[in-house]
Amino acid sequence: MTDYKQISDQDGEILVKTARKVVEEYLISKNKMKLDEKFENCFSFNSGVFVTLNDQSGLRGCIGFPLPDKKLHIALKDAAIAAATEDPRFPKVEPEELDKITFEVTVLTPPEEIKVNDPKDFPSKIKVGQDGLIVKFGLNSGLLLPQVPVEYGWNSEEFLRHTCEKAQLPNDIWKNSQTKILKFEGVVFKEESPNGQVIPVKL
């Protein structure tokens, strides 16, 4: 496999189940699980990836790497552990929570800057249900995954505003000519229930 486009539904199931196993091993023994050689060979291409944890109340942790700076098998392991233990919005996941949490994995395409002559044209360049967004202004940046605006029913302008807020910036900073907007796509797989069947998410 050479890139995200070749990831099958079966591959997605393997990625989600591996993310869960990595987190279980780390929370219980504090060891970073050694992945088998077949898995490493299959997912040896560089890719961005996010791991999202949800419980009955909603989001429980989400950490990832937007840029393809690491091999996918390495990035998945690091993102899974970080989502469970390092998301500053939430307390660290405890082992007894794992049977109440669903795991979701999003494999990303490399982000590409959206070029426009007038910032007001940005919304027309964004496809809700396909694109994820990154907003950059000065030292601040924020990212929202492609599935987020679908879940909340946002249009492209609302998606832009919320991504600005994620960057801790004014929600209309996207209209500033100094703001950079990047978009990316993702393939998403998630558990239907904690430790349950893994399904592809159609955006």
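Please determine whether any residue of the range 36-50 is free of Cβ contacts under 8 Å to residues at least 24 places away in the same chain, within 23 Å of Ala84 (Cβ to Cβ), in a loop (DSSP other than H, G, I, E, B) and assigned by TED's automatic domain parsing to the domain that holds Leu98. Yes, there is a match, as at least one residue in the range 36-50 is free of Cβ contacts under 8 Å to residues at least 24 places away in the same chain, within 23 Å of Ala84 (Cβ to Cβ), in a loop (DSSP other than H, G, I, E, B) and assigned by TED's automatic domain parsing to the domain that holds Leu98.
Checking the conditions here, which among Leu67, Leu98 is in contact with a strand residue (DSSP E or B) (Cβ under 8 Å, 6 or more places away or on another chain), assigned by TED's automatic domain parsing to the domain that holds Glu192 and in contact (Cβ under 8 Å) with a residue 24 or more places away in the chain?
Result: Leu67 is the single residue among Leu67, Leu98 that is in contact with a strand residue (DSSP E or B) (Cβ under 8 Å, 6 or more places away or on another chain), assigned by TED's automatic domain parsing to the domain that holds Glu192 and in contact (Cβ under 8 Å) with a residue 24 or more places away in the chain.
Scanning the range 91-110 for residues that are at pLDDT 95 or above, surrounded by 16 or more Cβ atoms within 10 Å (Cβ to Cβ) and in a loop (DSSP other than H, G, I, E, B) turns up Val93, Ile101.
Of all residues in the range 12-35 being free of Cβ contacts under 8 Å to residues at least 40 places away in the same chain, assigned to a loop (DSSP other than H, G, I, E, B) and of a type outside the set (S, T, N, Q), which is nearest to Val188 (Cα to Cα)? Among residues in the range 12-35 that are free of Cβ contacts under 8 Å to residues at least 40 places away in the same chain, assigned to a loop (DSSP other than H, G, I, E, B) and of a type outside the set (S, T, N, Q), the one nearest to Val188 (Cα to Cα) is Lys34. Of the strands (runs of 3 or more DSSP E) lying entirely inside the range 149-203, not one contains at least 2 residues that are more than 28 Å from Leu76 (Cβ to Cβ) and in the same structural domain as Pro95 (by TED's automatic domain parsing).
The values are calculated or read from the model by the stated rules, or taken from the named source; none is laboratory data. Worth saying up front: this structure is predicted, and the values here are computed from it rather than measured. All Cβ positions, glycine included, derive from the backbone under ideal geometry; neighbour counts span all protein chains shown.
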